[in-house]
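Visitor: Let me give you the structure first, and then I'll get to my questions.
The values are calculated or read from the model by the stated rules, or taken from the named source; none is laboratory data. On a predicted model such as this, the values are computed, not experimentally measured, just so you know. Backbone-built Cβ (ideal geometry, glycine too); neighbour counts: all protein chains shown. What goes into the accessible areas is simple: the full protein's heavy atoms, side chains included, and nothing from ligands, DNA or RNA. Shrake-Rupley method; radii C 1.70, N 1.55, O 1.52, S 1.80 Å.
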Amino acid sequence: MTRKLFGTDGVRGTANSFPMTAEMALRLGAAAGRYFRRDDSAAHRVVIGKDTRLSGYMLENALTAGLTSTGMNVLLLGPVPTPAVGFLTRSMRADLGVMISASHNPHHDNGIKFFGPDGFKLSDEAEAEIEAILEGEITPARPDRIGRAKRIEDAKGRYQEFVKTTVPSGVRLDGLKVVIDCANGAAYRAAPEVLWELGAEVIPVGVTPNGTNINDRCGSTHVETAAEAVVAHGADVGICLDGDADRVMILDSQGKVADGDQIMALMALRWAEEGRLRGGALVATVMSNLGLERRLEKAGLRLERTAVGDRYVVERMREKGFNLGGEQSGHIVMTDYATTGDGLVAGLQFLVEMARTGRPAAELTRQFETVPQMLKNVRYAQGKQPLGDPAVQAVIAGMEGRIAGQGRILIRKSGTEPLVRVMAECEDSALLSEVVETIVAAVEKAAG
């Protein structure tokens with residue numbers, strides 16, 4: 001059974017356009033409710049969280065209507081990070097968790113992603129079954145079995161208290177001046193409060209959401225604003241979250257950025273030293289830098305690569321019993337603590353290492369020398385399939401021959417946007433540029 005509606009991270013698109021319409025959200029909620037409530041024999045519950053997008057109100061209400069129509073009792077969490085939904089789904093003994101967010105995308109996009117009762121994102125197979133239900137007649141609950149909806153006022157606080165338990169007992173962040181950029185998103189209150197409660201001097205950025213400024217020149221995909229704040233305030237470190245706070249970038253005291261690969265290397269090496277790294281391996285995607293792989297091999301560790309998407313990282317981790325994984329984009333997954341990427345928890349682990357070692361962020365974020373890497377995105381028109389074009393395929397084959405033995409090429413469609421991502425790695429920067437630019441030009445020609 002294949003999926004048509006779901007991408008690599010739930011259902012996503014432009015708000016008020018298919019599939020992100022109120023009508024589709026209602027039907028999707030009803031289909032998910034029917035999937036998890038196969039009979040009317042007992043009460044079932046679902047938690048719904050969201051980020052700060054204006055369209056979140058519309059989708060939250062539509063999902064609630066669809067879910068309650070099939071007998072699910074809905075617990076509304078309000079604006080909370082995606083990892084909070086995973087945590088609270090399990091903590092509140094819910095059958096299903098829903099997060100309304102388009103992560104790092106601009107405000108006019110939105111998305112819906114589901115979590116199972118174990119707090120982990122649903123499998124491809126489960127999503128395909130929900131799609132199958134969606135395409136048919138959805139059986140509503142009997143009138144006396146229609147669900148109720150209730151707002152959970154302390155959801156944010158419950159998550160904050162959990163997050164603090166990931167910091168070793170007795171460790172405080174006194175003396176650390178921290179810029180925290182919340183991207184005007186889901187963690188705009190939780191993240192600064194947690195840092196302050198743990199003793200840090202906090203300089204908040206991106207904490208005034210208005211429904212349309214999420215990820216707007218701030219957050220993990222636009223670190224310039226936080227970098228300016230770090231330098232202006234003489235901060236020790238900057239932590240940049242994205243709109244739903246499941247990914248993180250770290251800035252040193254000069255505002256230089258470290259991506260997820262450097263953070264994962266730090267944690268993997270530290271955990272291996274402490275005997276905590278299960279299986280002697282880190283799980284990352286095909287996008288992670290070759291330099292990370294080389295650094296791990298030098299330490300006697302392995303890098304296990306998966307398809308792009310933190311859900312696939314988590315699947316490999318669960319399949320083989322690993323406890324650390326993530327993506328170059330900043331999803332850091334620590335299954336000792338959370339069921340999905342958690343930017344705030346990952347940022348705290350970095351701060352703990354600063355406090356433990358007394359070393360500055362600039363040292364801790366330079367765990368290995370990166371192999372030169374170039375990534376370019378090409379947007380394509382609806383209905384176009386540029387990667388299926390014979391001319392594009394011929395160019396890609398030619399460039400693979402050019403770079404063979406010196407580097408690698410990775411070309412893929414985005415699972416969340418109409419983009420073709422062209423990435424290559426090579427020690428020879430001139431050859432790297434030639435390869436990427438040649439492929440991009442061919443894709444652009446076919447994408448118009």
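Visitor: Among the listed residues 199, 243, which satisfies the condition of being farther than 30 Å from residue 56 by Cα and touching an Asp or Glu at 6+ places or on another chain (Cβ under 9 Å)?
Guide: None of the others qualify; the one that does is 199.
Visitor: Any idea how many residues of region 191-208 are closer than 17 Å to residue 155 by Cβ and surrounded by 23 or more Cβ atoms within 10 Å (Cβ to Cβ)?
Guide: Residues flagged as closer than 17 Å to residue 155 by Cβ and surrounded by 23 or more Cβ atoms within 10 Å (Cβ to Cβ) within region 191-208 amount to 2.
Visitor: Shifting gears a bit: When only residues in region 401-410 that are open to solvent by 40 Å² or more (accessible area, probe 1.4 Å) and without any contact (Cβ under 8 Å) to a residue 40 or more places away in the chain count, which is farthest from residue 437 (Cα to Cα)?
Guide: 405
Visitor: Continuing with this model, one more query. Which residues, counting only those in region 111-130, are closer than 20 Å to residue 341 by Cα and not in a loop (DSSP other than H, G, I, E, B)?
Guide: Passing the criteria: 111, 112, 113, 114, 115, 121, 124, 127.
Visitor: Out of curiosity, is residue 141 at pLDDT below 95, in contact with a strand residue (DSSP E or B) (Cβ under 9 Å, 6 or more places away or on another chain) and not aromatic (Phe, Trp, Tyr)?
Guide: yes
Visitor: Report whether or not residue 190 is closer than 20 Å to residue 100 by Cα and not polar (S, T, N, Q).
Guide: It is true that residue 190 is closer than 20 Å to residue 100 by Cα and not polar (S, T, N, Q).
Visitor: Since residue 444 meets every condition but one in (1) more than 28 Å from residue 13 (Cβ to Cβ); (2) open to solvent by 20 Å² or more (accessible area, probe 1.4 Å), which condition does it not meet?
Guide: Tallying (1) more than 28 Å from residue 13 (Cβ to Cβ); (2) open to solvent by 20 Å² or more (accessible area, probe 1.4 Å), residue 444 fails exactly one: (1).
Visitor: Taking residue 247, is it among the basic types (Lys, Arg), under 20 Å from residue 370 (Cβ atoms) and in contact with a helix residue (DSSP H, G or I) (Cβ under 9 Å, 6 or more places away or on another chain)? Before you say what the answer is, go through the steps one by one.
Guide: On the way: among the basic types (Lys, Arg): yes; under 20 Å from residue 370 (Cβ atoms): yes; in contact with a helix residue (DSSP H, G or I) (Cβ under 9 Å, 6 or more places away or on another chain): yes.
For residue 247, the condition - among the basic types (Lys, Arg), under 20 Å from residue 370 (Cβ atoms) and in contact with a helix residue (DSSP H, G or I) (Cβ under 9 Å, 6 or more places away or on another chain) - is met.
Visitor: Could you count how many residues in region 154-172 are more than 13 Å from residue 352 (Cβ to Cβ) and either open to solvent by less than 40 Å² (accessible area, probe 1.4 Å) or without any contact (Cβ under 8 Å) to a residue 40 or more places away in the chain (or both)?
Guide: Selection size over region 154-172: 7.
Visitor: Quick one: in region 269-281, of everything that is over 14 Å from residue 349 (Cβ atoms) and in contact (Cβ under 8 Å) with a residue 40 or more places away in the chain, which residue is surrounded by the most Cβ atoms within 10 Å (Cβ to Cβ)?
Guide: 281
Visitor: Which residue pairs have Cβ atoms closer than 6 Å, lie 6 or more positions apart in sequence or on different chains, and pair a first residue in region 282-305 that is among the acidic types (Asp, Glu) with a second residue that is assigned to a strand (DSSP E or B)?
Guide: 293/303; 304/281; 304/283
Visitor: Check whether at least one residue in region 420-436 is touching a residue at least 40 places away in the same chain (Cβ under 8 Å), outside any loop (DSSP other than H, G, I, E, B), open to solvent by 50 Å² or more (accessible area, probe 1.4 Å) and over 30 Å from residue 243 (Cα atoms), and report yes or no.
Guide: Yes; the residues of region 420-436 include at least one that is touching a residue at least 40 places away in the same chain (Cβ under 8 Å), outside any loop (DSSP other than H, G, I, E, B), open to solvent by 50 Å² or more (accessible area, probe 1.4 Å) and over 30 Å from residue 243 (Cα atoms).
Visitor: While we're looking at this one, here's another question. Spot the failing condition for residue 312; the list is (1) open to solvent by 10 Å² or more (accessible area, probe 1.4 Å); (2) under 22 Å from residue 11 (Cα atoms); (3) at pLDDT below 95; (4) in contact with a Lys or Arg (Cβ under 9 Å, 6 or more places away or on another chain), and only one is missed.
Guide: Among (1) open to solvent by 10 Å² or more (accessible area, probe 1.4 Å); (2) under 22 Å from residue 11 (Cα atoms); (3) at pLDDT below 95; (4) in contact with a Lys or Arg (Cβ under 9 Å, 6 or more places away or on another chain), the lone unmet condition for residue 312 is (4).
Visitor: Same structure, new question: Scan region 363-400 residue by residue and report those that are modelled with pLDDT under 95, in contact with a Gly (Cβ under 7 Å, 6 or more places away or on another chain) and either of a type outside the set (Gly, Ala, Ser) or buried (at least 16 other Cβ atoms within 10 Å of the Cβ) (or both).
Guide: Across region 363-400, the qualifying residues are 369, 370, 371.
Visitor: Which of the residues spanning region 223-272 are in a loop (DSSP other than H, G, I, E, B) and more than 19 Å from residue 331 (Cβ to Cβ)?
Guide: Result: 234, 235, 236, 252, 253, 254, 255, 256.
Visitor: May I ask you to list the residues in region 404-445 that are more than 15 Å from residue 376 (Cβ to Cβ), more than 30 Å from the chain's Cα centre (by Cα) and not acidic (Asp, Glu)?
Guide: Listed by number, the residues that qualify are 404, 405, 406, 430, 431.
Visitor: Can you pull out the residues in region 317-327 that are at negative phi and surrounded by fewer than 21 Cβ atoms within 10 Å (Cβ to Cβ)?
Guide: 318, 319, 320, 323
Visitor: How many of the residues making up region 387-400 are under 28 Å from residue 105 (Cβ atoms) and touching a residue at least 24 places away in the same chain (Cβ under 8 Å)? Break it down stepwise before answering.
Guide: Our first condition is that a residue be under 28 Å from residue 105 (Cβ atoms); within region 387-400, this holds for 387-389, 392, 396.
With touching a residue at least 24 places away in the same chain (Cβ under 8 Å) added as a condition, the list becomes 387, 389, 392, 396.
Number satisfying all stated conditions: 4.
Visitor: Let me ask you something else. Checking residue 102 against (1) in a helix (DSSP H, G or I); (2) aliphatic (A, V, I, L, M); (3) more than 17 Å from residue 33 (Cβ to Cβ), which single condition isn't satisfied?
Guide: The number of the failed condition is (1).
Visitor: Output yes when any residue across region 246-264 is open to solvent by less than 20 Å² (accessible area, probe 1.4 Å), free of Cβ contacts under 8 Å to residues at least 60 places away in the same chain, over 24 Å from residue 192 (Cα atoms) and over 16 Å from the mean Cα position of the chain (by Cα), and no when none is.
Guide: no
Visitor: Would you point out the residue of region 142-153, among those that are closer than 30 Å to residue 346 by Cβ and either touching a Leu at 6+ places or on another chain (Cβ under 6 Å) or among the hydrophobic types (A, V, I, L, M, F, W, C) (or both), that is most open to solvent (accessible area, probe 1.4 Å)?
Guide: Taking the candidates together, the pick is 151.
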